[in-house]
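Enquirer: Here it is: the structure, laid out below.
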Amino acid sequence: MSDKSTGMTNLSKWAAQFHAAGELARRKYVVAFTTGNTPVTDLLVKSPREKFFQVQVKGQFNRAQWIIKEVPDAENLYYILVYMPKKESEAPRYFIMPSDEVRVRIAAEDRRTKRAHLKPFPLAMPWRAAEPWRDRWNILPR
């Protein structure tokens, strides 16, 4: 049974958004959900020092490519990638990246797959590309 038929894709999307919002709130950020009304923004956020920014959240239950359909050239846009292990005893992992870095990593992967004559994922970033950004909450506006 595929993830889509079981609803896992939609489940990971919503679970990731709530996990990311919870972590932001725990760090004294004010968070508002866009509930699908904006194509590239999942969360509107106000920092403890009153700076506003946008967050796009991506979530997954497996350590696979991070599929990202569009990376707009937008100021104050950040990505929070949330890995939610299937084991309930394991905590989620968060990878916080500025949008320009996501764009660079996706372009690099696209070039790599073309050189190796591999079938590319549509706008994807390898799991390992996010690793240096694990728990990098400090890059968000304060």
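The values are calculated or read from the model by the stated rules, or taken from the named source; none is laboratory data. Not measured: the values here are computed from a predicted model. Cβ: placed from backbone, ideal geometry, glycine included. Neighbour counts: every protein chain shown.
Enquirer: Pull up segment 109-130, narrow it to residues that are surrounded by 13 or more Cβ atoms within 10 Å (Cβ to Cβ) and either at pLDDT 85 or above or small (Gly, Ala, Ser) (or both), then point me to the one that is nearest to Met97 (Cα to Cα).
Expert: So in segment 109-130, the residues surrounded by 13 or more Cβ atoms within 10 Å (Cβ to Cβ) come out as 109-110, 113, 120-121, 123-127, 129-130.
This time we only want the ones that are either at pLDDT 85 or above or small (Gly, Ala, Ser) (or both), so: 124-127, 129-130.
Working: Ala124: 15, Met125: 12, Pro126: 14, Trp127: 13, Ala129: 10, Ala130: 8 Å.
Step by step, filter segment 109-130, then rank; the result is Ala130.
Enquirer: Something else: Working only within segment 54-77, note down all residues that are touching an Asp or Glu at 6+ places or on another chain (Cβ under 9 Å) and in contact (Cβ under 8 Å) with a residue 60 or more places away in the chain.
Expert: Answer for segment 54-77, where residues must be touching an Asp or Glu at 6+ places or on another chain (Cβ under 9 Å) and in contact (Cβ under 8 Å) with a residue 60 or more places away in the chain: just Gln65.
Enquirer: Right, something else. Counting residues that are under 13 Å from the mean Cα position of the chain (by Cα) and closer than 15 Å to Trp137 by Cα, which strands (runs of 3 or more DSSP E) fully inside segment 23-106 reach at least 3? Give the steps one after another, and end with the answer.
Expert: Numbers: elements: 30-33, 43-46, 52-60, 77-83, 93-98.
Where strands (runs of 3 or more DSSP E) fall fully within segment 23-106 and carry at least 3 residues being under 13 Å from the mean Cα position of the chain (by Cα) and closer than 15 Å to Trp137 by Cα, they are 52-60, 77-83, 93-98.
Enquirer: Still on this model: Does Ala91 count as of a type outside the set (Ser, Thr, Tyr) and exposed (fewer than 13 other Cβ atoms within 10 Å of the Cβ)? Reasoning before the result, please.
Expert: Numbers: of a type outside the set (Ser, Thr, Tyr): yes; exposed (fewer than 13 other Cβ atoms within 10 Å of the Cβ): yes.
The answer is yes for Ala91.
Enquirer: Checking the condition touching a Ser or Thr at 6+ places or on another chain (Cβ under 8 Å) and not hydrophobic (A, V, I, L, M, F, W, C), which residue from Tyr94, Tyr78 passes? Step through it out loud before you land on a result.
Expert: On the way: Tyr94 fails: touching a Ser or Thr at 6+ places or on another chain (Cβ under 8 Å).
Only one candidate passes the filter, namely Tyr78.
Enquirer: Right, another one. Those residues that are basic (Lys, Arg) and in contact with a helix residue (DSSP H, G or I) (Cβ under 6 Å, 6 or more places away or on another chain), I need them from segment 92-115; list them, please. Break it down stepwise before answering.
Expert: So in segment 92-115, the residues basic (Lys, Arg) come out as 93, 103, 105, 111-112, 114-115.
Once the filter is applied, which keeps residues that are basic (Lys, Arg) and in contact with a helix residue (DSSP H, G or I) (Cβ under 6 Å, 6 or more places away or on another chain), segment 92-115 yields only Arg105.
Enquirer: Moving to a separate point now. Within the set of pairs 6+ apart or on separate chains, which have a first residue in segment 94-117 that is closer than 25 Å to Glu75 by Cα and touching a residue at least 24 places away in the same chain (Cβ under 8 Å), a second that is part of a helix (DSSP H, G or I) and among the β-branched types (Val, Ile, Thr), and C-beta atoms under 8 Å apart?
Expert: Close Cβ pairs (under 8 Å, with a partner that is part of a helix (DSSP H, G or I) and among the β-branched types (Val, Ile, Thr)) amount to Ile96/Ile139; Met97/Ile139; Pro98/Ile139.
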